[in-house]
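Novice: Sharing a structure with you now.
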Amino acid sequence: MTQTAPTTPARGEDEGRRFASLDPRTGEVVGHHSVASEDDVREAVRMARDASEFWAELGFDGRRARLDAWRKLLVKRLEELQTLISAETGKSADDARTELALVIDHLHWAAKHAGKVLGKRKISSGMLMYNHAASLEYRPLGVVGVIGPWNYPAFTPMGSIAYALAAGNTVVFKPSEFTPGVGVFLASTFGEVVPEFPVFQVVTGFGDVGAALCKSGVDKLAFTGSTQTGKKVMAACAESLTPVLLECGGKDPMIVAEDADVMAAADGAVWGGIFNAGQTCAGVERVYVAEAVYEEFVRLVTEKASKLRPGGQSNADFGPITMPAQVGIIQSHVADALERGARAVVGGLESIRAPYVEPVVLVDVPADAKAAVEETFGPTLVINRVADADEAVRQANSLAYGLGASVFSRNRGEELAGKLRCGMVSVNSVLAYASVPGLPFGGVGDSGFGRIHGEDGLREFTYAHSVTRKRFGAVLDPMTYERGSRTIRRVVRLVRVLYGR
Ligand code: NDP
């Protein structure tokens, strides 16, 4: 569960008890980690349950003080964590720093707002129950299990971890097998500011460790990863009626309307599709461009994307493909599109040189090509010409995924955004919603359900606890066998007067 001495030579060796995380840029070993057994996972959850009382009793102010101390520690050690993220994912130093800036902003927001959003408050008891006082508070669930992916190994799980902790839960986190060191770093720095109890622990290993966490008796399981694994997580959690939050994949569309600022749209498409080597759940994958601005848009995207180069140096535009198996998926999507008549205006199959993939921009891609419907998770863009923005909305809404989207339009941005079936939309920018801590983040359909971030993200890790207190006896009390028949008649008359007109 914790980081061990770097003696194991390769991934998955040593009788399956330890494994290495590797730098995808070089294949070098970044660190060694133990493979948690099912018993280890159960023990971690048991310890987390023991720690729950301590953490819950600190109250909002006490937890805020600890979470603020953790935030300051993370800021102090930002370069160290950035280097670790870059080593385990291969992403460029600036992509890792951008990720960490968002982590810190969200941690600050969750700690600051938890009391206001979740704390006890009075609720109006209404005309019929005027003699009762009503109150509501949102209580922590207990122990929250978090399973995270490798593409944003700090930002995506922290969307659950920070909000679950701020809401008063303890957490057991299973990071991706590709980024265990980042998980260990987060838990060990938290342990420096909360040394008394294991409030936030990490269990490392492969997919079966995640599966064990689903069955370990946690009070909620927050999963971020592929739709395919999300379905397995939900099925496993169903056995014990463990509630789940599923943040799954996407195939996010961008709409470029007739009245768009085409330069800004091209800039957004290139950055949104290619930063972090396109390994972004809510990255731009498919672009629908109105006929009137199509040629200019493709020209600008071609010009901008052609200049970008992946590499292992810290100043590269973007890094390698982190997960080796993903390279084959990118290759199959590009090959399938080209075979079906698409054209590559930037790059092509020759751009795929594992572990690096140079930008590939495809146009005239058939609507049912893999590159147009499945998550590619590479530095690729699919651009298709449509008659107008309304046709673009129809195409954008045509898939089962519904995570995020972007719209570029000078006059119709919010109107078009309102027509999109997805969790988040940025108008005249890309991915802006992820950087606004107060906005909930999550999808619909195959992109999952439940929300991280914002007030909804805090409530996601709580249950509502409602209380009424009778203040005085009512003239009309229908909830007793002592009532007379006139009481009910009067109540019905009152309802008619109040609500019948
Ligand atoms: P995976 O679904 O492969 O894995 C996600 C996590 O689940 C990993 O920690 C993995 O462990 C674990 N896991 C694997 N099998 C099981 C199982 N049977 N039961 C429980 N846990 C299991 O996703 P990736 O790591 O490849 O991440 C990429 C995906 O994540 C993309 O689809 C992307 O769109 C999505 N994503 C979604 C986001 C969102 O907020 N909606 C944000 C970021 C990514 P191990 O790695 O050890 O196999």
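Novice: May I ask you to list pairs of residues, at least six apart or on different chains, whose Cβ atoms are under 7 Å apart, with the first in segment 81-93 being within 14 Å of THR322 (Cα to Cα) and the second being part of a loop (DSSP other than H, G, I, E, B) and among the β-branched types (Val, Ile, Thr)?
Specialist: Filtered contacts from segment 81-93: GLU88/THR179; THR89/THR179; THR89/THR322; GLY90/THR322.
Novice: Would you pick out the residues in segment 128-157 that are hydroxyl-bearing (Ser, Thr, Tyr) and near the ligand (Cβ under 9 Å from one of its atoms)?
Specialist: TYR152, THR156
Table: residues versus (1) farther than 18 Å from GLY283 by Cβ; (2) within 16 Å of the ligand (Cβ to nearest atom); (3) of a type in the set (Asp, Glu); (4) part of a loop (DSSP other than H, G, I, E, B).
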{"site": "VAL407", "(1), (2), (3), (4)": "no, no, no, no"}
{"site": "ASN411", "(1), (2), (3), (4)": "yes, no, no, yes"}
{"site": "GLU415", "(1), (2), (3), (4)": "yes, no, yes, no"}
{"site": "ARG421", "(1), (2), (3), (4)": "yes, yes, no, yes"}
{"site": "VAL430", "(1), (2), (3), (4)": "no, yes, no, yes"}
{"site": "ALA434", "(1), (2), (3), (4)": "no, yes, no, no"}
{"site": "PRO437", "(1), (2), (3), (4)": "yes, yes, no, yes"}
{"site": "ASP456", "(1), (2), (3), (4)": "yes, yes, yes, no"}
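Novice: Could you please give the count of residues in segment 255-297 that are closer than 21 Å to GLY347 by Cβ, surrounded by fewer than 23 Cβ atoms within 10 Å (Cβ to Cβ) and of a type in the set (D, E, K, R)?
Specialist: 3
Novice: Looking only at segment 309-328, which residues are farther than 14 Å from GLY348 by Cα and of a type in the set (A, V, I, L, M)?
Specialist: Hits for segment 309-328 are ALA316, ILE321, MET323, ALA325.
Novice: Same structure again: Only one residue in VAL382, VAL361, VAL373, VAL357 is at pLDDT 95 or above and closer than 30 Å to GLU80 by Cβ. Which one?
Specialist: VAL357
Novice: In this structure, is GLY283 within 30 Å of ARG394 (Cβ to Cβ) and within 10 Å of the ligand (Cβ to nearest atom)?
Specialist: yes
Novice: Are there any pairs, at least 6 apart or on different chains, whose C-beta atoms fall under 6 Å, with the first in segment 476-501 and of a type outside the set (A, V, I, L, M) and the second part of a loop (DSSP other than H, G, I, E, B) and surrounded by 10 or more Cβ atoms within 10 Å (Cβ to Cβ), and if so, which?
Specialist: THR487/LEU476; THR487/PRO478; ARG490/LEU476
Novice: A further question on this structure: Return yes when GLY457 is under 27 Å from ALA111 (Cα atoms) and of a type outside the set (Lys, Arg) and no when it is not.
Specialist: Taking the combined requirement at face value, the residue satisfies it.
Novice: Give the residue that is farthest from TRP55 (Cα to Cα), with candidates limited to residues of segment 200-229 that are near the ligand (Cβ under 7 Å from one of its atoms) and within 16 Å of the chain's Cα centre (by Cα).
Specialist: Result: GLN228.
Novice: Okay, next question. Considering only residues that are β-branched (Val, Ile, Thr) and either at pLDDT below 95 or under 22 Å from LEU416 (Cβ atoms) (or both), which ones fall in segment 259-279?
Specialist: Passing the criteria: VAL262, VAL270.
Novice: Next up: Output the number of residues of segment 230-243 satisfying the condition of being of a type in the set (A, V, I, L, M) and either under 19 Å from ALA44 (Cβ atoms) or more than 11 Å from the ligand (Cβ to nearest atom) (or both).
Specialist: Number of matching residues: 4.
Novice: Among the residues of segment 307-363, how many are of a type in the set (Val, Ile, Thr) and in a helix (DSSP H, G or I)?
Specialist: Total meeting the criteria: 4.
Novice: Further question: Please pick out the residue among ARG394, ARG385 that is more than 15 Å from the ligand (Cβ to nearest atom) and over 15 Å from PHE297 (Cβ atoms).
Specialist: Of ARG394, ARG385, the one residue that is more than 15 Å from the ligand (Cβ to nearest atom) and over 15 Å from PHE297 (Cβ atoms) is ARG394.
Novice: Pull up segment 164-199, narrow it to residues that are within 13 Å of the ligand (Cβ to nearest atom) and aromatic (Phe, Trp, Tyr), then point me to the one that is surrounded by the fewest Cβ atoms within 10 Å (Cβ to Cβ).
Specialist: For segment 164-199, the residue satisfying everything is PHE178.
Novice: Test of understanding: among VAL475, VAL497, VAL491, which residue is exposed (fewer than 12 other Cβ atoms within 10 Å of the Cβ), at pLDDT below 95 and not in a loop (DSSP other than H, G, I, E, B)?
Specialist: VAL497
Novice: Further question on the same structure: Out of the residues in segment 100-150 that are among the β-branched types (Val, Ile, Thr) and part of a strand (DSSP E or B), state the one that is farthest from VAL41 (Cα to Cα).
Specialist: Going through the qualifying residues, I end up with ILE123.
Novice: Continuing with the same structure: Yes or no: segment 337-348 includes at least one residue that is touching a Phe, Trp or Tyr at 6+ places or on another chain (Cβ under 9 Å) and either more than 24 Å from ASP261 (Cα to Cα) or of a type outside the set (D, E, K, R) (or both).
Specialist: No, segment 337-348 contains no residue that is touching a Phe, Trp or Tyr at 6+ places or on another chain (Cβ under 9 Å) and either more than 24 Å from ASP261 (Cα to Cα) or of a type outside the set (D, E, K, R) (or both).
Novice: Starting from segment 226-240, take each residue that is closer than 21 Å to TYR152 by Cβ and touching a residue at least 60 places away in the same chain (Cβ under 8 Å) and list its partners that are more than 9 Å from the ligand (Cβ to nearest atom) and not in a helix (DSSP H, G or I), counting only C-beta distances under 6 angstrom and pairs at least six apart or across chains.
Specialist: Listed pairs, sorted by first residue: THR227/ASP446.
Novice: Would you confirm whether any residue within segment 287-303 is away from the ligand (no atom under 16 Å from the Cβ) and in contact with a Phe, Trp or Tyr (Cβ under 7 Å, 6 or more places away or on another chain)?
Specialist: yes
The values are calculated or read from the model by the stated rules, or taken from the named source; none is laboratory data. Keep in mind that this is a model prediction, so the values were computed, not measured. Note that we place each Cβ from the backbone using ideal geometry, even for glycine, and neighbour counts take in every protein chain shown.
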